[in-house]
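Below is one structure, written out as structure tokens; the observations come after it.
The values are calculated or read from the model by the stated rules, or taken from the named source; none is laboratory data. Being a predicted model, the structure only gives us computed values, none of them experimental. Quick reminder, even Gly has a Cβ in these numbers, built from the backbone with ideal geometry, and neighbours come from all protein chains shown.
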Amino acid sequence: MTISVVVPLYNEEENVHELYDRLKSVLDALGADYELLFIDDGSTDSTLKLLSDIQARDSRTVVLSLRRNFGQTAAFAAGFDYSRGDIIITMDGDLQNDPQDIPKLIELMKDYDLVSGWRKRRQDPFLSRRLPSLMANWLISRVTGVNLHDYGCSLKAYKRDVIKNLKLYGEMHRFIPAVASWYGVRIAEVETMHHPRMRGKSKYGISRTVKVVLDLITVKFLQSFSTKPLQFFGPIGLASGMIGALISFYLAVEKLLLGKDIGGRPLLLLGALLIIVGIQFIGMGLLGEMLVRVYHETQKKPIYVIKKVIGPGYK
Ligand code: UDP
Ligand code: MG
């Protein structure tokens, strides 16, 4: 079994050496084959230089230098693409996660496909960080149906299988458990340590919350309707179109049978609007259906995931 540890770093020069030393001592003690992947996410300080020096001394490390700052999600994605281990561990590069938790995660990987850390005693300010995070975790759990206390914890472990098919966009790395649940993976959550940031600055503020909520909408839509968009847009379109048709029918009766003037009625506007919106929604659903077919059929992407085939001639 080989282990890849993936760590994104953006302007973390004060943390690089201690991070490396602590990771190395934990991983050496494990006795397993491992590699350390450091992703320099376009740092403007000496992070890349320090990482390159480490790499020159230690052939178990790989340094990926991104051309500019692409963000943590992209950095993780790069790390996944270049990792070679059977188990992939992710963590932050600021030592808020503790490398000493890694053996605990690996132990659990015997029974699970994905193990997610839970910073139960999280050492971040309450109002600006922990409260929004509490609400976000509640919301994400409710919406996606995958209940975790701490989606935001970077310390996670994945089987290679789980991330192999995964494409990450936006701020989506935190949603991997929710996305992966579509594949039917077994997920565990485990308490991990968390430390205050000792050196360097946090890269995020409260604005991240908005991005997370928007990404949640994407994840939910893809999770439920990505292979059947008309089933999402269709009912809305039908409902809107039908109410519009009823209103128009009522107005037509008034005009044609009772001879009333309907030209200035707000209801007329509403009826027409609902019909047009209804047609638009159904049209959008149908376009979606075409996109799904183009996407899956041109790229040979199945709409299912097979764990293994049992039968003669199959491995
Ligand atoms: N990070 C990154 N690219 C970015 C922002 C952050 O690679 O654009 C890294 C950062 O260096 C750290 C990790 O992601 O290793 C988590 O960032 P941070 O500690 O600032 O987040 P917080 O713990 O405050 O949520
Ligand atoms: Mg941090």
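Candidates are the residues of segment 262-315 that are polar (S, T, N, Q) and either at pLDDT 95 or above or in a loop (DSSP other than H, G, I, E, B) (or both); the one that is nearest to SER226 (Cα to Cα) is GLN299. Can ILE206 be described as of a type in the set (Val, Ile, Thr), surrounded by fewer than 20 Cβ atoms within 10 Å (Cβ to Cβ), within 16 Å of ligand 1 (Cβ to nearest atom) and not in a strand (DSSP E or B)? Criteria met by ILE206. The numbered conditions (1) in a loop (DSSP other than H, G, I, E, B); (2) out of contact with any strand residue (DSSP E or B) (no Cβ under 8 Å at 6 or more places or on another chain); (3) within 11 Å of ligand 1 (Cβ to nearest atom); (4) not aromatic (Phe, Trp, Tyr) are all true for ARG121 except (3). Residues in segment 126-153 that are within 18 Å of GLN96 (Cβ to Cβ), in contact with a helix residue (DSSP H, G or I) (Cβ under 8 Å, 6 or more places away or on another chain) and small (Gly, Ala, Ser): ALA136, GLY152. Has segment 224-238 got at least one residue that is within 16 Å of ligand 2 (Cβ to nearest atom) and at negative phi? No, segment 224-238 contains no residue that is within 16 Å of ligand 2 (Cβ to nearest atom) and at negative phi.
Suppose the filter is within 16 Å of ligand 2 (Cβ to nearest atom), touching a Pro at 6+ places or on another chain (Cβ under 9 Å) and either modelled with pLDDT of 95 or more or of a type in the set (Lys, Arg) (or both); does ARG197 pass it? No. Checked against the criterion of being in contact with a Ser or Thr (Cβ under 6 Å, 6 or more places away or on another chain), free of Cβ contacts under 8 Å to residues at least 60 places away in the same chain and not charged (D, E, K, R), the candidates GLY145, GLY117, GLY85, GLY152 yield just one match: GLY152. When every residue of segment 44-55 is checked against the conditions, at least one turns out to be crowded, with 19+ Cβ neighbours inside 10 Å and within 16 Å of ligand 2 (Cβ to nearest atom). Annotation note: of PHE38, PHE76, the sole residue that is closer than 26 Å to GLN123 by Cα and in a helix (DSSP H, G or I) is PHE76. Applying the set (1) over 21 Å from ALA157 (Cβ atoms); (2) of a type outside the set (A, V, I, L, M); (3) surrounded by fewer than 20 Cβ atoms within 10 Å (Cβ to Cβ); (4) touching a helix residue (DSSP H, G or I) at 6+ places or on another chain (Cβ under 9 Å) to ASP40 leaves exactly one unmet item: (3). Checking ASN137, ASN69, ASN147 one by one, the residue that is over 22 Å from GLU35 (Cβ atoms), part of a helix (DSSP H, G or I) and not acidic (Asp, Glu) is ASN137 and no other. Would you confirm whether or not segment 53-63 contains a residue that is within 25 Å of ILE163 (Cα to Cα), of a type outside the set (Ser, Thr, Tyr), within 25 Å of the chain's Cα centre (by Cα) and within 16 Å of ligand 1 (Cβ to nearest atom)? Yes, some residue in segment 53-63 is within 25 Å of ILE163 (Cα to Cα), of a type outside the set (Ser, Thr, Tyr), within 25 Å of the chain's Cα centre (by Cα) and within 16 Å of ligand 1 (Cβ to nearest atom).
Considering (1) surrounded by fewer than 20 Cβ atoms within 10 Å (Cβ to Cβ); (2) over 20 Å from ASP215 (Cβ atoms); (3) of a type in the set (Phe, Trp, Tyr), the lone condition that PHE70 does not fulfil carries the number (2). The condition of being at negative phi and assigned to a helix (DSSP H, G or I) holds for only one of ALA178, ALA157, ALA188, that being ALA178. Once segment 158-194 is narrowed to residues that are within 16 Å of ligand 2 (Cβ to nearest atom) and over 11 Å from the mean Cα position of the chain (by Cα), the residue that is surrounded by the fewest Cβ atoms within 10 Å (Cβ to Cβ) is MET193.
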